[in-house]
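Visitor: Just passing along the structure, written as structure tokens.
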Amino acid sequence: MITPDQDFHGAPLLRVEHALESGHGDVVTATLTATGQGIFEAFVNGTPVGPDVLSPGWSSYQWRLRWRTWDITELVPDSGPVVVGAALGNGWHRGRLGFTGGRALYGDQLAFMARLDVTFADGHVQTIVTDETWRAAPSATTANDLYDGQTIDARRHQPGWNTTGFDDTTWAGVHEVAFDPTTLTAPIGPPVIRHETIRPVRIWTSPTGKTLLDFGQNLVGWTRTTITAPAGTEITIRHAEVLEHDELGTRPLRTAEATDRYITSGAQDVFEPTFTFHGFRYAEITGWPDHLTHQLTNGAIEAIVVSSDLDRTGYFECSNPDLNQLHENVLWSLRGNFLDLPTDCPQRDERLGWTGDIAVFAPTAAYLYDTQDFLADWLTDLAAEQHAQHGRVPLVVPDVFLAGPTDPARDPEKDRAVTAIWGDAAVWVPWTLYQAYGNPDILKAQYDSMTAHTRGVARCLSDTGRWDTGFQFGDWLDPDAPADQPGAGKADVGVVATACAYRTFDLMAQIAAILGHSDEPEFRVLAERALRGFQTHYVTDDGRIHSDCTTVYALAIEFGLLDDQQRHIAGERLAELVAESGYRISTGFAGTPVITAALSSTGHTETAYRLLLERKCPSWLYPVTMGATTIWERWNSMLPDGTINPGTMTSFNHYALGAVAHWLHTVVAGITPAEPGYSRIRIAPRPGGGLTWAKASLHTPHGEIRTHWHHDGDQLILETTIPEGTTAVVELPGTATATVGPGCHRFTATCLSPASMVASTPAPRGAGGGT
């Protein structure tokens, strides 16, 4: 591991040039393996070694520093010298990180480590490594930070610095950096890459004279700018997700500057700030010369979308355009926040791997994309952080609260607490992956982590069997909670926590049985204890659940805490409360992912549709009517008058409340696994809400499942495709259950026509200000 003798504004260039050994024939293969402290871009003979950006990504660096390996055979000539180059940036290792003001949490030196192996025709291998023969120099980047942006002075660019024949005699030296080699590990998940380019859909002048660009989609990445301007011209680009009062709405960014600055060379310059990233739909440009406006309007600036390299697996579409937009918003929020690890938001001074968000969103994610390796990598970090904290699952992974400075305004008990939902990610996420992909290896790999959390929860139970001690987030972001108290929801935190404890104990008993572990009885006893505590102290004789709000009934129904009679009563009461709320959302993080499922599973499918299709705030479709293209953190992140929520915590790209897409996939489209990994399938669509058709597809480990239902008069017609090697149970309303094998199948049922169901006429969407 080497570092430059000079820091060079935190963005040094490194290079080495070596002759290839002769007498061994042609080059057969060549591979480069590299990692670093900070982020890097690697080159061989002037060409990027791969599509990766922001490598090696962000892991729990104290215990896991991942390397990447590239096949670069095509970049290495059979004879002549080879140059390996690297450009370094601060990244997560040394840049600003978290909202407590932390910087350089993992170390104050940037460093790079690489190994190039060249194999010749006779089997000889020549190896080139990072050592003291490398040279270092400043790059054109004079400042870089993930939160604040990047400054590039094109006048400082050194053409050919990473190619053969370049004179580096004036460059500085490097020296070795001490580090723990046991932290080096192979990556499990995919790299971050550029995915697509988006050109602005509108360019205009704001009331204060600023030039604004609208890319039409709230996205994560950066802008690429091409300009030919007099040397020394400084262009500044600020980014934000929304507009407010027809100007760039930057207040939700808090202290993140999200600003890139470019200084031109006088020739044609292409600026791409690859040592930062922004969450934005809108950009504000200052400094662009008036006489070069034609360049700006002719495509000089475009947005580059970046996220982890995931394969799309699941699709959904229906007859309601607003539901389609909602689904698309969920998709884009996943893409923006699955950037090397599952983060809460991609734009403000946070961007952390909050455990609670992915705990509730994992089933939706596992349908939309192949997230098996991506989440397995993050879970490995979770286990490492957990091991260092005596079994406690941190609130964020990697844990910047442990590594960084303490916020004096923050309750330290919150950071040390064993928490429901957030901590339960240790169990719920592996279980989701097992259900989606059918691979028990994830359960085996995470078993120690899962059991440590489960026993930690057991220690938190009071003598009554309830989890009513310590800090809890509860039903976080209940829309009825005060704006400055997002945890002050209607649902009693003990009810929420005890319900989650039961689910975790019950899942662990199932997992222990699947893996053949002897501690299954221990977890069964814990589940029974939590169940008794819940029943005894939270369920009244007439079936009411303590705090009598939508979230507690939804959790009790979906987590299996009620007997048949209680479940029926709870379903009736839940439907009644939803109606009393005017079919507007009344749940937060805990209740929102399960409320539609709790309604439909207790015979209130039309109520679930009415809740889903409501357009007044708070609702899932309210942001759609406001022009949203991603899921908001708060139901009212933007108020109906187009102003931003006055709270200090408002993001327009948070996937957690988009967990309702799971209901679209499993109930509206009707695709669920009857056995883990879809080796057996259940096809059980439940039409309603005035929808005339819906279709979905899912690529599973066994092949693709397809469903498409539509109304033809009073007939419901379902067409489904079942992959080879599987069977499916097909259930349609009012018909007998059928079991079918691989192939295409068609079913019909008599049902109500859409006209007799809930109307679903789309409301007009707002134009300005939405994400």
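Just so it is clear, none of the values below were taken in a lab; they were calculated from the coordinates. All values derive from a computational prediction rather than experimental measurement. Don't worry about glycine lacking a Cβ; one is built from the backbone with ideal geometry, like all the others, and counts go over all protein chains shown.
Visitor: Which part of the stretch 326-362 falls in the paramagnetic zone of Gln485, meaning amide N under 19 Å from the point 7 Å along Cα-to-beta-carbon?
Guide: none
Visitor: Using a Förster distance of 41 angstrom, determine the FRET efficiency expected from the C-beta separation of Arg202 and Ala19, and round it to 0.05.
Guide: On the way: r = 54 Å, r/R0 = 1.32.
With a Förster radius of 41 Å, E is 0.15.
Visitor: Further question on the same structure: Listed highest first by mean packing, meaning other Cβ atoms within 10 Å per residue, what order do 198-205, 470-477, 352-359 come in? Numbers along the way, then the final one.
Guide: Working: 198-205: 13.1, 470-477: 22.9, 352-359: 25.2.
Peptide ranking by packing, descending: 352-359, 470-477, 198-205.
Visitor: Where Lys and Arg each count +1 and Asp and Glu each count -1, what net charge lies around Thr643 among other residues with Cβ under 15 Å from its Cβ?
Guide: Neighbour charge sum, excluding Thr643 itself: -3.
Visitor: Here's another thing I want to ask about it. With a point put 7 Å past each Cα toward its Cβ, work out how far Thr29 is from Ile717 in nm, to one decimal.
Guide: So the two model labels end up 5.4 nm from each other.
Visitor: Report the local net charge at Thr498: Lys and Arg +1, Asp and Glu -1, summed over other residues whose C-beta lies under 14 Å from its C-beta.
Guide: Here the count lands on -3.
Visitor: Could you put Val668, Val418 in order, starting from the residue whose Cβ has the fewest other Cβ atoms within 10 Å? Present the calculation step by step, with values, prior to reporting the outcome.
Guide: Values: Val668 30, Val418 22.
By the 10 Å Cβ count, ascending: Val418, Val668.
Visitor: Could you tell me what fraction of 2.2 N^0.38 Å the Cα radius of gyration of the stretch 597-637 comes to, as a two-decimal ratio? Don't skip to the end; give the middle numbers.
Guide: Values: Rg = 11.7 Å, N = 41, 2.2 N^0.38 = 9.0 Å.
Computed over Cα atoms of the stretch 597-637, the ratio equals 1.30.
Visitor: Projecting each Cα onto the charge dipole of the chain (Lys/Arg +1, Asp/Glu -1 at the beta carbon, about the Cα centre), which of Gln389, Trp428, Met626 comes out farthest on the positive side?
Guide: Met626
Visitor: If I histogram all Cα-Cα distances within the stretch 676-756 using bins 10 Å wide from 0, what percent of pairs lands in each bin?
Guide: Using 10 Å bins, I get a P(r) of 19, 51, 25, 6 for the stretch 676-756.
Visitor: List the residue ranges in the chain for DSSP H helices whose C-alpha atoms run 30 angstrom or more along the long axis and whose Kyte-Doolittle average is 0.0 or above.
Guide: Numbers: long enough: 493-515 (32 Å, 1.42).
What comes out of the filter, once short or polar helices are dropped, is 493-515.
Visitor: Tell me, rounded to the nearest percent, the portion of alpha carbon pairs in the chain spaced more than 54 Å apart.
Guide: More than 54 Å apart: 13 percent of the Cα pairs in the chain.
Visitor: Placing unit charges on C-beta atoms (Lys and Arg positive, Asp and Glu negative, everything else neutral), compute the dipole magnitude of the chain about its Cα centre in debye, rounded to 20.
Guide: On the way: 53 positive and 91 negative charges, 247 e Å.
Dipole of the chain, to the nearest 20 debye: 1180 debye.
Visitor: Sticking with this structure for a sec: What GluC sites (Glu not before Pro) does the stretch 680-729 have in DSSP loop regions with at most 13 other beta carbons within 10 Å? Kindly include the intermediate steps, with their values, before the conclusion.
Guide: Values: sites: Glu704, Glu719, Glu724; in loops: Glu724.
Within the stretch 680-729, the qualifying GluC sites (Glu not before Pro) (loop, at most 13 other Cβ atoms within 10 Å) are Glu724.
Visitor: Expressed in whole Å with the largest first, what are the equivalent ellipsoid semi-axes of the stretch 2-187 derived from the C-alpha gyration tensor as the square root of 5 times each eigenvalue?
Guide: Working: eigenvalues 165, 75, 37 Å².
Whole-Å semi-axes of the equivalent ellipsoid: 29, 19, 14.
Visitor: Give the calculated FRET efficiency between Val270 and Thr297 to the nearest 0.05, with a Förster radius of 22 Å applied to their Cβ-Cβ distance. Display every interim value, and only then the final one.
Guide: Details: r = 18 Å, r/R0 = 0.81.
Result of the calculation: an efficiency of 0.80.
Visitor: What does the charge count near Asp370 come to, summing +1 for each Lys or Arg and -1 for each Asp or Glu among other residues with Cβ under 9 Å from its Cβ? Mind showing how you got there, number by number?
Guide: Values: positive: Arg312; negative: Asp311, Asp373.
Residues near Asp370 contribute -1 overall.
Visitor: Quick check: residue separation of Trp693 and His390 times 0.36 nm, minus the Cα distance between them. What number comes out in nm? Walk me through the numbers before you get to the answer.
Guide: Working: separation 303, 0.36 × 303 = 109.08 nm, distance 5.13 nm.
Taking Trp693 through His390 to full extension adds about 103.9 nm, to one decimal.
Visitor: Moving on to the next point. For Glu572 and Lys616, what is the calculated FRET efficiency with R₀ set at 22 Å and r taken between the beta-carbons, to the nearest 0.05? Walk me through the intermediate numbers first.
Guide: Numbers: r = 24 Å, r/R0 = 1.11.
The pair Glu572/Lys616 has a calculated efficiency of 0.35.
Visitor: Please compute the length gained on full extension between Ala403 and Asp71, using 0.36 nm multiplied by the number of residues separating them and subtracting their Cα-Cα distance. Before the final figure, lay out the partial values.
Guide: Numbers: separation 332, 0.36 × 332 = 119.52 nm, distance 3.50 nm.
Here the answer is 116.0 nm.
Visitor: Still on this structure: By how many nm would the segment from Asp5 to Thr226 grow when fully extended, if each residue of separation counts as 0.36 nm and the alpha-carbon distance is taken off? Write out the running numbers ahead of the final one.
Guide: Working: separation 221, 0.36 × 221 = 79.56 nm, distance 3.31 nm.
Here the segment from Asp5 to Thr226 would lengthen by 76.3 nm.
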